[in-house]
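The values are calculated or read from the model by the stated rules, or taken from the named source; none is laboratory data. On a predicted model such as this, the values are computed, not experimentally measured, just so you know. Cβ coordinates were reconstructed from backbone atoms using ideal geometry, including for glycine residues, and neighbour counts include every protein chain displayed.
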Amino acid sequence: MFEYMQFNISPWGWELAVYFFLVGMASMSFAMVAAPNVIGGAMSVFEPLQRSTSMLVLVLLAICSVLLIMDLGQPSRFLYPLIYFHASSPLSWGSLFFVLFGICVVGFLSAQIMGKSSLLKPLGLAGTVLAVLLPLYTGWDLMAQQARELWHSPAIPLLFVVLSISSAAALVSLLAMVQGKQNENLTTLIRNILICSLLVTLILFVAEWLRISYGTAEEMQALALINSELSTRFWVITLIVGILAPLGMLLMGPSTPIMVTGAAVLSAVGAYTFRDVIIVAGQLPMSFY
Amino acid sequence: MAIGLQAEPSLGVPGKKRWAMVIDLRRCIGCMACVCADKAEYDVPLGVWRTIVKVKDTGAYPNTRRHFMPRLCNHCDNPPCVRNCPTEATYKHEDGFVLQRYERCIACRTCVAACPYNARHVLPTNRSNVKIGGVVDKCTFCNHRVEKGLVPACVQTCLGRSRIFGDLNDPASEIARLVGRHKTVVLKPEKGTAPQVYYIKPDRSITEQIFAAPESYAARSDADAFFNHNRGSRFFGGVL
């Protein structure tokens with residue numbers, strides 16, 4: 001006869017992985033370029049990039065909005081998470097953070113264009129807080145799912161914030177290169193930020209791998225998937241290309257703009273595949289339950 | 001502590017109802033009448049189910065056994081789908097039902113991800129008779145029947161009286177007697193969801209089953225056909 005009566009389609013696909021990546025990249029890019037107004041000091045090297053990065057962040061937010069709305073079964077109801085706000089749902093908070101962050105970025109950019117420098121600090125500060133909350137909520141969205149054991153870890157929100165810092169460094173670095181605004185101080189700062197974020201990513205990578213290696217039956221099924229059909233994405237693209245190679249380039253190579261930008265781009269590739277693997281491997285063990 | 005619920009857990013709370021179901025697997029013959037009754041009651045479209053009966057064969061000839069495992073929404077006393085829903089489209093009724101408001105659902109599938117029992121599905125949009133589509137749906141314990149003093153459709157039709165429904169908070173009810181006198185099992189109790197579908201004598205091989213590639217040719221073919229029908233994807237992307 002048959003062994004199973006039903007097969008379940010996993011609820012979240014590539015749209016969510018791309019959204020998590022883009023929204024994290026956009027939010028942390030804004031946090032970086034708002035830092036001259038929020039923190040000042042060494043962060044002032046980001047000042048020449050403020051306007052162009054803020055514009056690019058708005059473009060990324062627009063792409064994220066389209067991805068989110070089109071992923072819904074009822075796209076016309078996209079405002080419902082705000083209208084019928086549910087405080088225990090990460091998605092409701094995410095919708096709120098997303099809208100408020102967009103308002104902050106528009107406000108920050110407008111204040112810059114209109115020369116209202118007194119508004120830059122409060123808007124930058126509010127935007128920075130929301131910029132941290134946005135990737136944090138994407139991780140919380142997974143962590144809150146107690147049914148999916150790979151996701152149900154407090155490390156996931158922290159990991160998503162750190163991955164967002166790496167991808168933001170790539171975006172800002174690329175933008176500086178395209179605009180010819182790179183200088184030694186900027187390169188050194190991005191290099192130091194990247195080294196920190198990549199080291200934390202490596203620690204969390206090993207920690208998560210150990211957790212599931214010593215884990216429950218479902219976590220071991222996830223590990224089996226990671227070691228089989230997701231092995232290239234996890235071990236090659238995420239670990240080697242996305243973490244070890246850029247770390248090696250930054251620690252051992254010359255601290256040139258091209259080298260730092262190259263390392264940043266590789267780390268951004270890893271930041272995407274890491275999320276992608278977590279999203280996919282977290283869902284498939286339940287497909288036949 | 002339960003958070004994000006519209007009604008507090010009512011199991012064992014005096015003066016409150018806690019509707020629940022017992023499934024006595026010693027009596028299930030795998031006739032699928034419950035599945036059909038449910039399809040008829042709600043015009044459930046092809047490809048999705050509110051209730052199913054999983055079938056698994058164990059052992060090698062001549063020492064074999066076929067196991068039936070009726071599955072449905074567990075109407076948890078602490079449902080993770082409810083607290084994760086961003087619009088409160090899915091909510092907990094004070095009598096224990098976990099219900100769905102179609103007019104609020106945005107089909108973000110957070111509830112599908114949150115459910116440990118795979119009890120939720122998305123209704124297709126191209127339905128011929130019923131206009132409700134593109135939203136998440138699930139078993140309701142037939143609350144429209146229960147409120148009129150009837151039992152759910154699957155319970156009504158069950159040939160062997162394998163499915164028994166009632167108020168677990170009422171000590172005189174049949175279901176309270178069954179849960180009190182028999183060794184019962186709930187699915188995934190470690191998730192803290194307090195599921196309210198109690199099984200009598202289930203087999204370990206079918207309660208613990210997680211990801212495993214189907215073994216038989218027929219099961220593999222079924223799986224391939226299922227995923228191909230859904231545009232070759234194991235994910236919702238492109239299906240809605």
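General remarks:
- Scope segment A:157-213; condition of a type in the set (S, T, N, Q) and either surrounded by fewer than 20 Cβ atoms within 10 Å (Cβ to Cβ) or in contact with a Cys (Cβ under 8 Å, 6 or more places away or on another chain) (or both); matching residues: A:179, A:183, A:185, A:188, A:192, A:213
Conditions tested, residue by residue: (1) under 17 Å from residue B:155 (Cβ atoms); (2) more than 17 Å from the chain's Cα centre (by Cα); (3) not charged (D, E, K, R).
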| position | (1), (2), (3) |
| --- | --- |
| B:22 | yes, no, yes |
| B:31 | yes, yes, yes |
| B:34 | yes, no, yes |
| B:41 | yes, no, no |
| B:60 | no, yes, yes |
| B:81 | no, no, yes |
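- Selection of segment A:131-143 for residues being closer than 13 Å to residue A:25 by Cα and either surrounded by fewer than 24 Cβ atoms within 10 Å (Cβ to Cβ) or away from every other protein chain (no Cβ under 14 Å) (or both) yields A:131, A:132, A:133, A:134, A:135, A:136.
- Of all residue pairs spaced 6 or more apart or on separate chains, those with beta-carbon atoms under 9 Å, a first member in segment A:178-195 that is farther than 14 Å from residue A:263 by Cβ and a second member that is assigned to a loop (DSSP other than H, G, I, E, B) and not charged (D, E, K, R) are A:184/A:255.
- Residue in segment A:219-227 that is buried (at least 20 other Cβ atoms within 10 Å of the Cβ) and in contact with a Lys or Arg (Cβ under 8 Å, 6 or more places away or on another chain) present: yes
- Taken together, the residues in segment A:144-156 that are within 11 Å of chain B (Cβ to nearest Cβ), of a type outside the set (S, T, N, Q) and either part of a helix (DSSP H, G or I) or surrounded by fewer than 22 Cβ atoms within 10 Å (Cβ to Cβ) (or both) amount to 2.
- Given (1) part of a helix (DSSP H, G or I); (2) within 14 Å of chain B (Cβ to nearest Cβ); (3) surrounded by fewer than 21 Cβ atoms within 10 Å (Cβ to Cβ), index of the condition residue A:16 fails: (3)
- Put simply, of A:66, A:59, A:99 the only residue that is in contact (Cβ under 8 Å) with a residue 12 or more places away in the chain, surrounded by fewer than 19 Cβ atoms within 10 Å (Cβ to Cβ) and assigned to a helix (DSSP H, G or I) is A:99.
- Residue check, residue B:74 within 14 Å of chain A (Cβ to nearest Cβ), under 25 Å from residue B:172 (Cβ atoms) and of a type in the set (S, T, N, Q): yes
- Flag for residue A:67 being hydrophobic (A, V, I, L, M, F, W, C), within 14 Å of chain B (Cβ to nearest Cβ) and either under 25 Å from residue B:3 (Cβ atoms) or in contact with a strand residue (DSSP E or B) (Cβ under 7 Å, 6 or more places away or on another chain) (or both): no
- Where a residue in segment B:98-109 is under 27 Å from residue B:18 (Cβ atoms) and its partner, wherever it lies, is of a type in the set (S, T, N, Q) and modelled with pLDDT under 95, with Cβ under 7 Å and at least six apart: B:105/A:74
- Candidates B:50, B:66, filtered to the one that is closer than 30 Å to residue A:85 by Cβ, in contact with an Asp or Glu (Cβ under 8 Å, 6 or more places away or on another chain) and in contact (Cβ under 8 Å) with a residue 12 or more places away in the chain: B:50
- Residue tally, condition more than 25 Å from residue B:56 (Cα to Cα), within 14 Å of chain A (Cβ to nearest Cβ) and without any contact (Cβ under 8 Å) to a residue 12 or more places away in the chain, over segment B:171-216: 0
- Taking the criterion of being under 24 Å from the mean Cα position of the chain (by Cα), within 7 Å of chain B (Cβ to nearest Cβ) and not in a loop (DSSP other than H, G, I, E, B), the only residue of segment A:80-89 that qualifies is A:81.
- Of the numbered criteria (1) touching a Ser or Thr at 6+ places or on another chain (Cβ under 8 Å); (2) within 26 Å of residue B:80 (Cα to Cα), the one residue A:67 fails is (1).
- Meets criteria (away from chain B (no Cβ under 14 Å), among the hydrophobic types (A, V, I, L, M, F, W, C), assigned to a helix (DSSP H, G or I) and surrounded by 19 or more Cβ atoms within 10 Å (Cβ to Cβ)) for residue A:49: yes
- Residues that are part of a loop (DSSP other than H, G, I, E, B), under 25 Å from residue B:184 (Cβ atoms), in contact with a helix residue (DSSP H, G or I) (Cβ under 9 Å, 6 or more places away or on another chain) and not hydroxyl-bearing (Ser, Thr, Tyr) do occur in segment B:122-139.
Yes/no matrix, rows are residues, columns are (1) more than 14 Å from every other protein chain (Cβ to nearest Cβ); (2) not aliphatic (A, V, I, L, M):
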site: B:9; (1), (2): yes, yes
site: B:59; (1), (2): no, yes
site: B:89; (1), (2): no, no
site: B:101; (1), (2): no, yes
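- Of the numbered criteria (1) within 14 Å of chain B (Cβ to nearest Cβ); (2) basic (Lys, Arg); (3) more than 17 Å from residue B:136 (Cβ to Cβ), the one residue A:77 fails is (3).
- Residue check for residue B:138: touching a residue at least 12 places away in the same chain (Cβ under 8 Å) and within 14 Å of another protein chain (Cβ to nearest Cβ): yes
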